[in-house]
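The values are calculated or read from the model by the stated rules, or taken from the named source; none is laboratory data. Owing to the predicted nature of the structure, the values given are computational and were not obtained by experimental measurement. Note that each Cβ is placed from the backbone with ideal geometry, even for glycine, and that neighbours are counted across all protein chains shown. Note: accessible area is taken over every heavy atom of the protein model, side chains too, but ligands, DNA and RNA are not part of it. Shrake-Rupley method; radii C 1.70, N 1.55, O 1.52, S 1.80 Å.
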Amino acid sequence: MPNFIIFGAPGAGKGTQAQKLAEAFNLTNFSTGAMLREEVNSQSLIGQEVKHIISQGDLVSDNIVNQIVKDKIKENGTNAGFIFDGYPRTLSQAENLDTILDNNDLPMVFNLEVSQEELVKRLLLRSKESGRNDDEEKVIQNRLIVYNQQTKPLLDFYKAKNRLIEINGEDTVENIYLQIEKQIKLIMQNKEKTA
Ligand code: AP5
Ligand code: MG
């Protein structure tokens, strides 16, 4: 099964789209943010270690996240077909993912491009009901800085490998979904032809 990455800044709509796509294409939805929040809620050892980092909007260490990802992929099998949301976020994570997955199934990346103003607007709106303690103005600003410094450069990594597809993330949820759906269908058709 093919794998996909939904890429973008905090508030870009990664979770919204990944959930819809996972259901439609029977892919395993894989959000490292959601998994880390579960660890925090269950007060596991990892949860206790990462709680403060997440509440500040900084990145959890590559070691912890790469191990979580490795375990989850092992559990589901490398050919399950994953849709990654919020992973990878650093070069080390991107390289880790490519070594775990089969060479024929390296993920294509959909980048949801959204302006900073719109990102902040969406996250502040969501903060009223999300219950996420990183949805607070100061932390949101830090999440955006961290994204721009540590995660955004990955776009060059994937572009150089011809695995990047740019998506206008400022359309309606449905129109964005249709843009990605069209691309995934094409990728799946091409895979069938070459199989
Ligand atoms: P994570 O959970 O990944 O959060 P994030 O990247 O900050 O992104 P969000 O979940 O806030 O936004 P989203 O892009 O999913 O958008 P959504 O669909 O919700 O990470 C949280 C933290 O965990 C990190 O800061 C870090 O500490 C840690 N972490 C996670 N992964 C890690 C990793 N790999 N390495 C290290 N640390 C890691 O949409 C946002 C809002 O906008 C919603 O209210 C939604 O309804 C609305 N919306 C969505 N689409 C649209 C649209 N088209 N138009 C208008 N509104 C829209
Ligand atoms: Mg999310």
Report task. Output yes when any residue across the stretch 13-33 is more than 30 Å from residue 172 (Cα to Cα) and more than 16 Å from ligand 2 (Cβ to nearest atom), and no when none is. Result -> no
Query raised in the report: residue 69 passes all but one of (1) farther than 23 Å from residue 188 by Cβ; (2) open to solvent by 20 Å² or more (accessible area, probe 1.4 Å); (3) not charged (D, E, K, R); which number fails?
Result: (2)
Query raised in the report: From the residues in the stretch 1-20 that are surrounded by fewer than 20 Cβ atoms within 10 Å (Cβ to Cβ) and within 13 Å of ligand 1 (Cβ to nearest atom), which one is farthest from residue 130 (Cα to Cα)?
Result: 20
Query raised in the report: residue 100: away from ligand 2 (no atom under 15 Å from the Cβ), surrounded by 16 or more Cβ atoms within 10 Å (Cβ to Cβ) and in contact (Cβ under 8 Å) with a residue 24 or more places away in the chain, yes or no?
Result: no
Report summary line: Quick count over the stretch 98-153, residues being part of a helix (DSSP H, G or I) and not hydroxyl-bearing (Ser, Thr, Tyr), is 31
Query - Filter result for the condition that a residue is more than 13 Å from ligand 2 (Cβ to nearest atom), within 24 Å of residue 102 (Cβ to Cβ) and touching a residue at least 60 places away in the same chain (Cβ under 8 Å), over 81, 77 - result: 81
Report summary line: Filtering the stretch 39-74 down to residues that are in contact (Cβ under 8 Å) with a residue 40 or more places away in the chain and among the charged types (D, E, K, R) yields 58, 72
Query raised in the report: So which residues in the stretch 84-96 are more than 27 Å from residue 170 (Cβ to Cβ) and either surrounded by 18 or more Cβ atoms within 10 Å (Cβ to Cβ) or within 16 Å of ligand 2 (Cβ to nearest atom) (or both)?
Result: 96
Query raised in the report: assigned to a helix (DSSP H, G or I), closer than 18 Å to residue 146 by Cα and open to solvent by less than 20 Å² (accessible area, probe 1.4 Å): does that describe residue 36?
Result: yes
Query - Test: residue 137 is open to solvent by 80 Å² or more (accessible area, probe 1.4 Å) and within 16 Å of ligand 2 (Cβ to nearest atom) - result: no
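Applying the selection to the stretch 106-134, what residues are of a type outside the set (Phe, Trp, Tyr) and open to solvent by less than 20 Å² (accessible area, probe 1.4 Å)?
Residues satisfying the conditions are 107, 109, 111, 112, 114, 119, 123, 134.
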Report task. Identify, from the list 76, 29, the residue that is open to solvent by 30 Å² or more (accessible area, probe 1.4 Å) and over 15 Å from the mean Cα position of the chain (by Cα). Result -> 76
Query - Options 187, 140: the member that is farther than 16 Å from residue 6 by Cα and touching a residue at least 40 places away in the same chain (Cβ under 8 Å) - result: 140
